[in-house]
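J.: One structure is given below, represented as structure tokens, and several questions about it will come after.
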Amino acid sequence: MDVKEWYMEYKIHKNRPGLLGDIASLMGMLDINIVTINGVEDRTRGMLLQTNDEEKIDLMGKMLKKVDNITITALRPPKLVDILAVRHGRYIERDSDDRKTFRFTRDELGLLVDFLGEIFKREGNQVVGLRGMPRVGKTESIIAGSVCANKRWTFVSSTLLRQTVRSQLSEDEMTPNNVYIIDGIVSTIRSNEKHYSLLQEIMAMPSTKVIEHPDIFIRESEYTYNHFDYIIELRNNPDEEINYDSFTYTSEPF
């Protein structure tokens, strides 16, 4: 049977000496390997496990439910948020109503870059929206995430150094392995027909697109919220309001 990964998380009620050793010993007897282990927020521990027998996972879960000092809160194939929780020791904040929206602050840029890197490693069509005020670190995070994923990044429109509005890309830039960076305001409000035609071609490609200011992009184009797989919000602090009143652009196509 193929080896599969599982994520287990448990809440500690009484952190008595030897508790982790007892749990690890049980896993060892069942031939379940612990790949990664870390504390996840307050008095919670997360583990990435490997085994080639799903019945052993079920049996372990039933046995650990009888342990008074802990409560199993998750036992499932790992999601991306689980992997990052074990890696960084905390969960990414997620909108309770809109499950595709994830929130970060500037002091969590390392976690954001890791999150983007894992997304960018995936093949096929993906559209990621990135909300945030100017100079909060949006574009830099996208570039760093591309490096983590060993992907090349291509600016379709941007204001990082000077305003960029591309009307064509070279042949080696038109590849599904690229991460395309699009400024949603520049591409819809301060662009021309040639640029928009290129944008439509890129949006139809089986590749990763990251669109800064997705709300304006949706408002000013035929694309809708349903086209997005992830919406990421980046703030300087948790209470910062993201608004577009102060955004002004002038176009310099090339």
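The values are calculated or read from the model by the stated rules, or taken from the named source; none is laboratory data. All values reported here derive from a predicted model rather than from experimental measurement. Here the Cβ positions follow ideal geometry from the backbone for every residue, glycine too, while neighbour counts run over all protein chains shown. For accessibility, only protein heavy atoms count, side chains too; no ligands or nucleic acids. Shrake-Rupley method; radii C 1.70, N 1.55, O 1.52, S 1.80 Å.
J.: Above 22 Å lies some portion of the pair distances; for the chain, what is it as a whole percent of all C-alpha pairs?
T.: Beyond 22 Å sits 60 percent of the P(r) for the chain.
J.: A further question follows. Say each of ASN177 and ASP107 gets a label point 7 Å from the Cα, pointing the same way as Cα to Cβ; how far apart are those two points in nm?
T.: Calculated label separation equals 4.0 nm.
J.: What ³J(HN,Hα) values, in whole Hz, does the Karplus curve 6.51 cos²θ - 1.76 cosθ + 1.60 give for segment 221-232 when θ = phi - 60°, with x put for Gly and Pro?
T.: Karplus-based 3J(HN,Hα) across segment 221-232 equals 9, 7, 7, 10, 4, 5, 6, 8, 8, 9, 10, 10 Hz.
J.: Non-local amide H neighbours of ARG235 (under 5 Å, H modeled in plane, Pro and chain starts lacking H): which ones?
T.: Answer set, sorted by chain and number: PHE104, THR105, ARG106.
J.: Whenever you get a sec, compute what percent of the accessible area on segment 56-174 sits on carbon and sulfur atoms (1.4 Å probe).
T.: Using a 1.4 Å probe with all protein chains present, segment 56-174 comes out at 48 percent carbon and sulfur.
J.: To continue, here is another question. Per the Debye formula with a single identical scatterer at each Cα and no solvent contribution, what log10 I(q)/I(0) holds for segment 31-176 at q = 0.11, 0.13, 0.17, 0.21 Å⁻¹?
T.: -0.58, -0.75, -1.09, -1.43
J.: Run the reach check for LYS14 against aspartates and glutamates, Cα to Cα strictly under 15 Å, same-chain hits fewer than 8 apart removed. What comes back?
T.: Counting by Cα, and skipping residues close in sequence, LYS14 has these aspartates and glutamates nearby: ASP22, ASP42, ASP68.
J.: At 0.36 nm per residue, and after removing the present C-alpha to C-alpha distance, how many nm does the segment from ARG43 to SER167 gain when stretched out fully?
T.: Roughly 39.3 nm would be gained on extension.
J.: Ok, one more. GNM, the chain, Cα, under 10 Å: largest mean-square fluctuation among ILE181, ILE232, ILE32?
T.: Of ILE181, ILE232, ILE32, the Gaussian network model singles out ILE32 as fluctuating most.
J.: With no solvent and one equal point scatterer placed on each C-alpha of segment 126-254, evaluate the Debye formula and give log10 I(q)/I(0) for q = 0.09, 0.11, 0.16, 0.19 Å⁻¹, two decimals.
T.: Results for segment 126-254 at q = 0.09, 0.11, 0.16, 0.19 Å⁻¹ read -0.23, -0.34, -0.76, -1.11.
J.: Under 13 Å from a label point 7 Å along Cα→Cβ of LEU160: give me every residue in segment 170-203 with its amide N that close.
T.: 179-183
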